[in-house]
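Asker: What follows is a structure written as structure tokens; I'll ask about it next.
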Amino acid sequence: MTTQLSVSGIELELFRYPSRQESNLQAWDAADEHLIKHLVDTEQAPTNTLIVNDNFGALTAGLLSINPDWPLTLETDAKTSLLGTTQNLSRNQLSADSLTWVNSRDELPQGIQLVLMKLPKNLNYFSHQLKRLSQVLPAGTQVFIGAKAKSINKSLLETISRNLGAASASLTWKKTRVITCITDGKPRALPTTIDWSVPEFNLKISNLSNVFAANKLDIGARIMLDNMPKGEFKSIVDLGCGNGILGLHAKQCFPDAYIHFIDDSEMAVTSAKANWALNKLDNPELVGQQATFAWDDCLTNMNEGFRPDLILCNPPFHQGEAITDHIAWQMFLDAFRRLKNGGILHVVGNRHLAYHVKLKRIFKNCTTVESNGKFVILQAQKISKKAQELEQSSATSAPHPQSALYGAAKR
Ligand SMILES: C[S@@+](CC[C@H](N)C(=O)[O-])C[C@H]1O[C@@H](n2cnc3c(N)ncnc32)[C@H](O)[C@@H]1O
């Protein structure tokens, strides 16, 4: 795996997040290099700059290498991007002092004079981000958008013009182009949520633009809804919750359970929270907070003492544009580490991903609960001597309030 970025005299060592991931994927791409080169070639002065969708901090570290005092605001929806950028800055001895972080729902600050942006995979989300920019950028502001040349076409340029201002693309360099948009200063209304229901389960779902399967129920999730595990579960984690569909149905099946929703996407966590409220799932017979919501990388910040008895998981098989199974690996390892002894990981996946091989390696057991031509539901149970010892020393399976669930980062 290459970790040395070298462009226009800037040298950086960059890792993806988490840095120990089992993949050969790079932490940046040629579109990042193109954007940095473009700024250097045009001798851009360090003005108030907003960086949007900087995967693991290549753009941020690049600008801070040009000038350590470059005033920067960073917008991201992904916790792994925030953690990866922070890690890469410190690895390159760059200070994060001049940085302001915002998520994709926070109000953007006034006074931005330049925007650097990476084209995200999800184009509805991209339109949403452009509309957000239109609300704060004065006419004539330059917005540079880096993307693979093959992703840039007439319709994309029209989307940018419609939502922010006139746009044109540079010549191709390393199979990427930089789009320059000059804002027209007209604020656009933000999009509303995308709403649908699952009538057979009496669930209403509302999604923000960057939520997985925002437009309709995912087929993997559908099979999970039809095949919830059997048992007495009191503390359930919806790991990679998206809009929360699995955790919401788990509460319908196990009304005495406390449900913990976790996702890398801030918009997903916010949607899951909204959907919990929308579906009025609180059991009046229970005390305390019956659902918690965490913007996190897998179970990184869940307190060691918290031991769920069921983890539901429909793992992602890509990170940004890259197809990878390392997040599934990380989710399974975290699940094994955190489940109480005897606890169950209930997973859905595409058959060809062969998750059973991973689960067998980690849990030493794996059963097929259901399968059809395309998907399979697998279950692994945490049973180990070591787990029993761990259980005795530190764990409790009782439900915890949010404050007890999350603490300092462990990874
Ligand atoms: C296949 S989707 C499943 C969403 C939802 N559970 C469903 O079944 O519709 C996978 C989810 O994992 C989330 N995810 C990706 N990387 C993650 C990470 N490192 N930690 C937590 N969640 C992550 C994604 O944002 C996405 O919402």
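Asker: Given the options Asp296, Asp226, Asp282, state which has the largest fluctuation in a GNM of the chain using a 10 Å cut-off (strictly under) for Cα springs.
Answerer: Between Asp296, Asp226, Asp282, it is Asp226 that shows the largest mean-square fluctuation.
Asker: Shape call for region 153-218 from the C-alpha gyration tensor, a ≥ b ≥ c root eigenvalues: rounded (a/c under 1.5), prolate (a/b greater than b/c) or oblate?
Answerer: oblate
Asker: Also: With contacts defined as alpha carbon pairs under 8 Å and 6 or more residues apart, what's the relative contact order of region 194-405 in percent? Don't skip to the answer; put the middle values down first.
Answerer: Working: 422 pairs, mean separation 40.7, N = 212.
Once normalised by length, the contact order is 19 percent.
Asker: Just to confirm, what accessible area per residue do you get for the chain at 1.4 Å probe, in whole Å²? Spell out each step's value before the answer.
Answerer: Numbers: 17720 Å² over 411 residues.
In whole numbers, the chain has 43 Å² accessible per residue.
Asker: Kindly provide the Kirkwood hydrodynamic radius of region 4-183 in Å, to one decimal, from all pairs of distinct alpha carbon atoms.
Answerer: Values: mean 1/r = 0.0614 Å⁻¹.
This gives a value of 16.3 Å.
Asker: Quick check on the chain: of the DSSP beta bridges with both residues there, what percent are antiparallel, nearest 5%?
Answerer: Taking every DSSP beta bridge with both residues in the chain, the antiparallel ones total about 50 percent.
Asker: Carbon and sulfur together cover what percent of the accessible area of the chain at a 1.4 Å probe radius? Walk me through the intermediate numbers first.
Answerer: Values: 9270 of 17720 Å².
Ligands and nucleic acids excluded, carbon and sulfur reach 52 percent.
Asker: While we're looking at this one, here's another question. What relative contact order, as a whole-number percentage, does the chain give when Cα pairs under 8 Å and 6 or more residues apart are counted? Could you put the intermediate results ahead of the total?
Answerer: Values: 847 pairs, mean separation 47.0, N = 411.
Reported as a whole number, the value is 11 percent.
Asker: Further question on the same structure: I want the antiparallel fraction of DSSP beta bridges within region 4-183, as a percent rounded to 5. It would help to have the intermediate numbers written out before the result.
Answerer: Working: 17 of 34 bridges.
So the antiparallel bridges amount to about 50 percent of the total.
Asker: Magnitude of the Cβ-charge dipole of the chain, K/R +1 and D/E -1, about the Cα centre, nearest 20 debye?
Answerer: Values: 42 positive and 39 negative charges, 209 e Å.
Computed about the Cα centre, the dipole is about 1000 debye.
Asker: Please give me, ordered by residue number, the GluC sites (Glu not before Pro) of region 1-95 that lie in loop per DSSP and have at most 13 other Cβ atoms within 10 Å.
Answerer: Those satisfying the criteria are Glu22, Glu43.
Asker: Using DSSP, restrict attention to beta bridges with both residues in region 219-360 and report what percent are antiparallel, rounded to the nearest 5.
Answerer: 10
Asker: Can you show me the helix-derived [θ] at 222 nm for the chain, built from DSSP H runs with n ≥ 4 at -39,500 (n - 2.57) apiece and divided by the number of residues, rounded to the nearest 500.
Answerer: Numbers: 12 runs with 125 residues, N = 411.
The helix contribution divided over the chain gives -9000 deg cm²/dmol.
Asker: Taking Cα atoms of the chain, Rg/Rh with Kirkwood Rh, to two decimals?
Answerer: Values: Rg = 22.3 Å, Rh = 22.5 Å.
Reported Rg/Rh, Kirkwood definition of Rh: 0.99.
Asker: Continuing with this model, one more query. Between Asp54, Asp264, Asp195, find the one with the highest GNM mean-square fluctuation for the chain; connect C-alpha pairs within less than 10 Å.
Answerer: Asp195
Asker: Moving on to the next point. Under the definition of Cα pairs under 8 Å and six or more residues apart, what whole-number percent is the relative contact order of region 4-183?
Answerer: On the way: 330 pairs, mean separation 37.8, N = 180.
Computed over region 4-183, the figure is 21 percent.
Asker: Compare the peptides 98-108, 338-348 by average per-residue count of other Cβ atoms within 10 angstrom and give them in order, highest first. Kindly include the intermediate steps, with their values, before the conclusion.
Answerer: On the way: 98-108: 15.7, 338-348: 23.6.
The densest-packed peptide leads the list: 338-348, 98-108.
Asker: Along Cα→Cβ, 7 Å out, is where each label goes; now give me the distance between the ones at Glu370 and Asn283 in nm to one decimal.
Answerer: 2.2
Asker: Select from Gly111, Gly165, Gly244 the residue whose mean-square fluctuation is largest in a Gaussian network model of the chain (Cα-Cα springs shorter than 10 Å).
Answerer: So, out of Gly111, Gly165, Gly244, the one fluctuating most is Gly111.
Asker: In whole Å, largest first, what are the principal axis extents of the Cα atoms in region 194-405?
Answerer: Cα extents, longest axis first: 46, 43, 30 Å.
Asker: Same structure again: If you split all Cα-Cα distances of region 74-164 into 5 Å bins from zero, what percentages do you get per bin, shortest first?
Answerer: 3, 11, 22, 22, 20, 14, 7, 2, 0
The values are calculated or read from the model by the stated rules, or taken from the named source; none is laboratory data. In this text, all values refer to a predicted model and were calculated from it rather than measured experimentally. Cβ: placed from backbone, ideal geometry, glycine included. Neighbour counts: every protein chain shown. Ligands, DNA and RNA are excluded from the accessible area calculation, which covers all protein heavy atoms including side chains. Shrake-Rupley method; radii C 1.70, N 1.55, O 1.52, S 1.80 Å.
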